[in-house]
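Asks: Mind looking over this structure? Questions follow.
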Amino acid sequence: MYRASSLVKKLARDCHFHKGRDIKIYDVRDYTPMVSYYLVVSASNARQIHGFQENVESIIEKADGGKIKHVEGRNGADWVVVDAGDIVVHIFSEFERERVNFDAIYKNCPLIEFKKEAK
């Protein structure tokens, strides 16, 4: 069985490797009983958003016990959400992330550091 803290860092490293921007991992365990971590990443275009989505889904599904519960915002969306239960990944266009002001909502949550090393 995977550990959510290890898996979310692996997902963040993969997004970084594929040129994701402003990658943040919010520890939301004290704020919601349903989710442990929000991984947030900005992409420069719809193709990159789709690429991140595919990579994130693949990594989660390959994790021992990993399962995608739901994906919202496919097909050219400016904001895609991949829900894996205790990890929820938010993939934004840069414009949409700023418009929604997502980071301001979770500014009081602890940020989790991850090593930005190559795959």
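Please treat every number below as a calculation from the coordinates, not as lab data. No experiment lies behind these values; they were computed from the predicted model shown. For neighbour counting, all protein chains shown are included, and Cβ atoms are generated from backbone atoms with ideal geometry for every residue, glycine included.
Asks: Among the residues of the stretch 30-84, which ones are closer than 25 Å to GLU98 by Cα and among the small types (Gly, Ala, Ser)?
Replies: Selection gives SER36, SER42, ALA43, SER44, ALA46, GLY51, GLY73, GLY76, ALA77, ALA84.
Asks: All but one of (1) surrounded by fewer than 13 Cβ atoms within 10 Å (Cβ to Cβ); (2) more than 11 Å from HIS90 (Cα to Cα) hold for ILE60; which doesn't?
Replies: (1)
Asks: Find all pairs meeting these conditions: Cβ atoms under 9 angstrom apart; at least six residues apart or on different chains; first residue within the stretch 34-51 and under 24 Å from ALA104 (Cβ atoms); second residue among the basic types (Lys, Arg) and part of a strand (DSSP E or B).
Replies: The qualifying pairs are TYR38/LYS24; LEU39/LYS24; VAL40/LYS24; VAL41/ARG21; VAL41/LYS24; SER42/ARG21; ALA43/ARG21; SER44/ARG21.
Asks: Exactly one of (1) exposed (fewer than 14 other Cβ atoms within 10 Å of the Cβ); (2) touching a His at 6+ places or on another chain (Cβ under 6 Å) is unmet by VAL40. Its number?
Replies: Here VAL40 clears every test but (1).
Asks: Let me ask you something else. Among all residue pairs at least 6 apart or on different chains, which show Cβ distances below 8 Å where the first residue, located in the stretch 84-105, is among the aromatic types (Phe, Trp, Tyr) and the second is part of a loop (DSSP other than H, G, I, E, B)?
Replies: PHE92/ASP78; PHE95/ASP78
Asks: I'd like to know if the stretch 1-16 contains one or more residues that are farther than 21 Å from LYS115 by Cβ, within 14 Å of the chain's Cα centre (by Cα) and either part of a strand (DSSP E or B) or not polar (S, T, N, Q) (or both).
Replies: No, the stretch 1-16 has no match at all.
Asks: Follow-up. Mind checking which residues of the stretch 72-104 are in contact with a helix residue (DSSP H, G or I) (Cβ under 8 Å, 6 or more places away or on another chain), part of a loop (DSSP other than H, G, I, E, B) and over 18 Å from ASN45 (Cα atoms)?
Replies: Across the stretch 72-104, the qualifying residues are ALA84, ASP86.
Asks: Now for a separate question. Condition first: surrounded by 15 or more Cβ atoms within 10 Å (Cβ to Cβ) and either more than 14 Å from the chain's Cα centre (by Cα) or β-branched (Val, Ile, Thr) (or both). Now tell me which residues in the stretch 79-105 satisfy that.
Replies: Of everything in the stretch 79-105, those that are surrounded by 15 or more Cβ atoms within 10 Å (Cβ to Cβ) and either more than 14 Å from the chain's Cα centre (by Cα) or β-branched (Val, Ile, Thr) (or both) turn out to be VAL80, VAL81, VAL82, ILE87, VAL88, VAL89, ILE91, GLU96.
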